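One structure is given below, encoded as structure tokens.
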Amino acid sequence: MNNNDIVQKLWNLCDVLRDDGINYSDYVTELVLLLFIKMEFENTEAGLLEKHKLPEGCRWPDLNSKSGLSLLTEYKRILFILSTGKEISKDPNDADKTIEKVVTTDPLILAIYADAQTRLREPRHLEQLIKSLDGIDWFSARRDGLGDLYEGLLEKNASETKSGAGQYFTPRPLIDSIIRCIQPQAGEVIQDPAAGTAVF
């Protein structure tokens, strides 16, 4: 399975998002929030990730082990923790008080999940997304990188929705050809005011 196949499988999940009432403009965001959690798990399992690990209780198995309303509640809890770095719980000694515990200070995780929240309302749709993501062979995604998947999703969004009007993604073969011709060297500065996903 190549990168394009995976992007197409991910884009097909937009039907599930649409069934839940999610807007076109939110498709990529919804997919990427789940995708980052899944890819962190895949890379950790493969021994490829030493830094930027998600905190305990905020990992793929924590989602994958739940269903129904408890799954949606857990997902919202995880997104809150990843976006704030804090877990808030009730004080067992005083029901009117809460305890705030810092669980991550990793700036990359906090940046990725800044203000993250889901618009999903139906637990069955979230469960369907999780099962579908589990069914994808991630070997080639690890090889090609999450950035390529993200870029592919953005390109699909731009080409298949009205929100993408005016966006153009330079094809990879053209990028590779331009780089071979220009032969940029370390330390050189190139101005690209329309950098987009910064593939160059």
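Could you identify the single residue in A198, A194, A186 that is modelled with pLDDT of 70 or more, in a loop (DSSP other than H, G, I, E, B), of a type outside the set (V, I, T) and surrounded by fewer than 12 Cβ atoms within 10 Å (Cβ to Cβ)?
A186
Kindly provide the set of residues from the range 96-119 that are closer than 16 Å to L35 by Cα and part of a loop (DSSP other than H, G, I, E, B), ordered by number.
Matches in the range 96-119: Y113, A114, A116, Q117, T118, R119.
Can you confirm whether the range 120-142 contains a residue that is in a helix (DSSP H, G or I), over 24 Å from W11 (Cβ atoms) and modelled with pLDDT of 90 or more?
Checked against the condition, which is being in a helix (DSSP H, G or I), over 24 Å from W11 (Cβ atoms) and modelled with pLDDT of 90 or more, the range 120-142 yields no hits at all.
Output the number of residues of the range 50-60 satisfying the condition of being surrounded by fewer than 20 Cβ atoms within 10 Å (Cβ to Cβ) and either modelled with pLDDT under 80 or within 20 Å of E127 (Cβ to Cβ) (or both).
2
Would you confirm whether any residue within the range 42-61 is within 16 Å of the chain's Cα centre (by Cα), under 17 Å from K156 (Cα atoms) and in a loop (DSSP other than H, G, I, E, B)?
No.
Condition check: more than 20 Å from K131 (Cα to Cα), acidic (D, E) and surrounded by 15 or more Cβ atoms within 10 Å (Cβ to Cβ). Does D91 satisfy that?
no
How about the range 8-35: which of its residues are part of a loop (DSSP other than H, G, I, E, B) and either surrounded by fewer than 18 Cβ atoms within 10 Å (Cβ to Cβ) or not β-branched (V, I, T) (or both)?
Within the range 8-35, L13, D20, G21, N23 qualify.
Scan the range 87-126 for residues that are within 24 Å of E50 (Cβ to Cβ) and touching a helix residue (DSSP H, G or I) at 6+ places or on another chain (Cβ under 8 Å) and jot them down.
Correct list: E87, V103, T104, I109, L110, I112, Y113, A114, A116.
Would you mind stating whether N4 is assigned to a helix (DSSP H, G or I), polar (S, T, N, Q) and either exposed (fewer than 15 other Cβ atoms within 10 Å of the Cβ) or over 19 Å from the mean Cα position of the chain (by Cα) (or both)?
So N4 passes the test.
Within the range 17-36, can one find any residue that is of a type outside the set (D, E, K, R), without any contact (Cβ under 8 Å) to a residue 60 or more places away in the chain and touching a Pro at 6+ places or on another chain (Cβ under 6 Å)?
So far as the range 17-36 goes, no, none of its residues is of a type outside the set (D, E, K, R), without any contact (Cβ under 8 Å) to a residue 60 or more places away in the chain and touching a Pro at 6+ places or on another chain (Cβ under 6 Å).
From the list K38, K76, which one is within 22 Å of Q128 (Cβ to Cβ) and buried (at least 20 other Cβ atoms within 10 Å of the Cβ)?
Within the list K38, K76, the selection yields K38.
The values are calculated or read from the model by the stated rules, or taken from the named source; none is laboratory data. Computed from a predicted structure; not experimentally measured. As a convention, Cβ positions derive from the backbone with ideal geometry for all residues, glycine included, and neighbour counts pool all protein chains shown.
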